[in-house]
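J.: A single structure is presented below for examination.
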Amino acid sequence: MLTGKIALVTGAGRGIGREIALVLAANGATVIVNYNGSKESAEAVAAEIVQKGGSAEAIQCNVSDFAASEAFVKQVLDKYKKVDILVNNAGVTRDNLIMRMTEEDYDTVLDTNLKGAFHMIRHLSRSFIKQRGGKIINISSVSGVLGNAGQANYSASKAGLIGLTKSVAREFASRGVNVNAVAPGFIDTDMTKNMTEDAKKTLSSMIPMGKMGSTKNIADLVLFLAGDGSDYITGQVICVDGGMCI
Ligand code: NAP
């Protein structure tokens, strides 16, 4: 159980982040439900947690903004005094072949997916080190492990997250702070909904288990990594992908 723990989940108003927030709260954590644009759905996630007897608050912050992230972390620490579990889940895609990829699309994806995680870890680092304990979980992707045609920006950001995870894991290991990455495969959310049926079929055929994963498949691993069971695990990248990365 995560009773007494404070969890901060970025991009928790929708999709995988929403499920992670609900699962952590169901296991006793107080959850900060971060969102950028999805105010209503983030507030609905927090309300659902509270209605089920848990504790949660929705707070807006664009994690790609260094100063805004710093103010967000300050707001959370002023009120909750600590963060025990940080889940860097916020992410975007701007897919295109490299020869057509704009600088803006490259920067947006890197700034959100990779720099956003850096901002959150950087601003919480003093607090994590001082409390000599905590769990940082970065949501990477199989695209960061394997690469993916048409996703050079996204794959670079997700591979970067793996390097960030391993380096910070080494920096924080002696302080009792575990830093791990989860690499989801092909999960049913808004991010994958807009793909054509044909593209979904082709992708599914590349999955040894032959089907898409659910947000719960990801949240269940995050729950494990957030709890005491992961105390001797750090710097790892765990694929939840129906076997794509075998
Ligand atoms: P999604 O449904 O599109 O949700 C993306 C989330 O990221 C939203 O909650 C969004 O918040 C948040 N976000 C985007 N930009 C943000 C910013 N600047 N600041 C704060 N929050 C921001 O995507 P998803 O499928 O749940 O993906 C969640 C994570 O899993 C992402 O990191 C994604 O790369 C990763 N992933 C997904 C899959 C998949 O198959 N779905 C596979 C591998 C990895 P707002 O709506 O409030 O803007």
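The values are calculated or read from the model by the stated rules, or taken from the named source; none is laboratory data. Since the structure is predicted, the reported quantities are computational estimates derived from the model, not experimental observations. Cβ sites come from the backbone with ideal geometry, for glycine too, and all protein chains shown count toward neighbours. Note: areas computed on protein heavy atoms with side chains; ligands, DNA, RNA excluded. Shrake-Rupley method; radii C 1.70, N 1.55, O 1.52, S 1.80 Å.
J.: Which of 52/193; 135/216; 115/166 have a Cα-Cα distance over 23 Å?
T.: Working: 52/193 29 Å; 135/216 19 Å; 115/166 15 Å.
The answer is 52/193.
J.: Given the options 57, 104, 19, which has the most mean-square fluctuation in a GNM of the chain, springs set between C-alpha atoms less than 10 angstrom apart?
T.: Checking each option, the largest mean-square fluctuation is seen for 104.
J.: Another one. If you find the alpha carbon centre of the range 71-97 and of the range 193-238, how far apart are they in angstrom?
T.: Cα centroid of the range 71-97 versus Cα centroid of the range 193-238: 20 Å apart.
J.: Now for a different question. Say the dipole of the range 6-240 comes from +1 at the beta carbon of Lys and Arg and -1 at that of Asp and Glu; which of 192, 28, 109 then lies farthest toward its positive end?
T.: Of the options given, the answer is 28.
J.: Something else now. Hey, any idea what the orientation-averaged projected area of the convex hull of the range 1-134's Cα atoms comes to, in nm²?
T.: Working: hull surface 33.4 nm².
Spelled out: convex hull of the Cα atoms, projected over all directions, averaged, 8.4 nm².
J.: Give me the 1.4 Å probe accessible area per residue for the chain, excluding ligands and nucleic acids, in Å². Don't skip to the answer; put the middle values down first.
T.: Values: 11840 Å² over 246 residues.
With all protein chains present, the chain gives 48 Å² per residue.
J.: Pull out the extension gain between residue 194 and residue 66, defined as 0.36 nm times the separation in residues minus the alpha carbon to alpha carbon distance; nm, one decimal. Before the final figure, lay out the partial values.
T.: On the way: separation 128, 0.36 × 128 = 46.08 nm, distance 3.02 nm.
So the extension gain works out to 43.1 nm.
J.: Heavy atoms of the protein only, probe of 1.4 Å, neighbouring chains included. What is the accessible area of residue 237 in Å², nearest 10?
T.: Accessible area of residue 237: about 40 Å².
J.: What's the local net charge at residue 78, with K and R +1, D and E -1, over the other residues with C-beta under 13 Å away? Spell out each step's value before the answer.
T.: Working: positive: 74, 79, 81, 82; negative: 57, 70.
Combined, the nearby Lys, Arg, Asp and Glu give +2.
J.: By the 4.7 Å beta carbon criterion, which cysteine residues of the chain come out unpaired?
T.: 61
J.: In a shell of Cβ-Cβ distance under 13 Å around residue 110, excluding residue 110 itself, what net charge do Lys and Arg (+1) and Asp and Glu (-1) give? It would help to have the intermediate numbers written out before the result.
T.: Values: positive: 94, 115, 158; negative: 103, 104, 105, 107, 111.
Cβ neighbours under 13 Å give a net charge of -2.
J.: Can you flag which of 5/200; 81/158; 79/200 are past 32 Å Cα-Cα? Mind dumping the intermediate values first?
T.: Values: 5/200 38 Å; 81/158 30 Å; 79/200 44 Å.
Beyond 32 Å between Cα atoms: 5/200; 79/200.
J.: Comparing 141, 38, 64, which has the greatest mean-square fluctuation in the GNM of the chain with Cα pairs linked when under 10 Å apart?
T.: Between 141, 38, 64, it is 38 that shows the largest mean-square fluctuation.
J.: OK, next. For the range 238-244, what does the Karplus curve 6.51 cos²θ - 1.76 cosθ + 1.60, with θ = phi - 60°, yield as ³J(HN,Hα) per residue in whole Hz, taken in order and with x for Gly and Pro?
T.: So the J values, rounded to whole Hz, are 10, 7, 10, 8, x, x, 4.
J.: Could you give the dipole magnitude of the chain about its Cα centre, charging the beta-carbon of Lys and Arg +1 and that of Asp and Glu -1, in debye to the nearest 20?
T.: 720
J.: Grab the other residues whose beta carbon is less than 11 angstrom from that of residue 133, score K and R as +1, D and E as -1, and report the net.
T.: Details: positive: 5, 82, 130, 132, 135, 175; negative: 84, 228, 231.
Counting the neighbours of residue 133, the net charge comes to +3.
J.: What is the dipole size for the range 175-246, taken about its Cα centre, with +1 at each Lys and Arg Cβ and -1 at each Asp and Glu Cβ, in debye to the nearest 20?
T.: 100
J.: Largest first and to the nearest Å, give the Cα extent of the chain along each principal axis.
T.: Over the chain, Cα extents along the principal axes are 47, 36, 34 Å.
J.: Just want to confirm a number: the relative contact order over the range 6-240, from Cα pairs under 8 angstrom separated by 6+ residues, in percent.
T.: Working: 460 pairs, mean separation 45.5, N = 235.
Answer for the range 6-240 is 19 percent.
J.: Sticking with this structure for a sec: Among 212, 195, 99, which one moves the most in a GNM of the chain with springs linking Cα atoms closer than 10 Å?
T.: Of the options given, 99 has the highest mean-square fluctuation.
J.: If amide hydrogens are placed 1.01 Å from N in the peptide plane, which non-local residues have theirs closer than 5 Å to the one on residue 238?
T.: It is 181, 182, 183, by chain and number.
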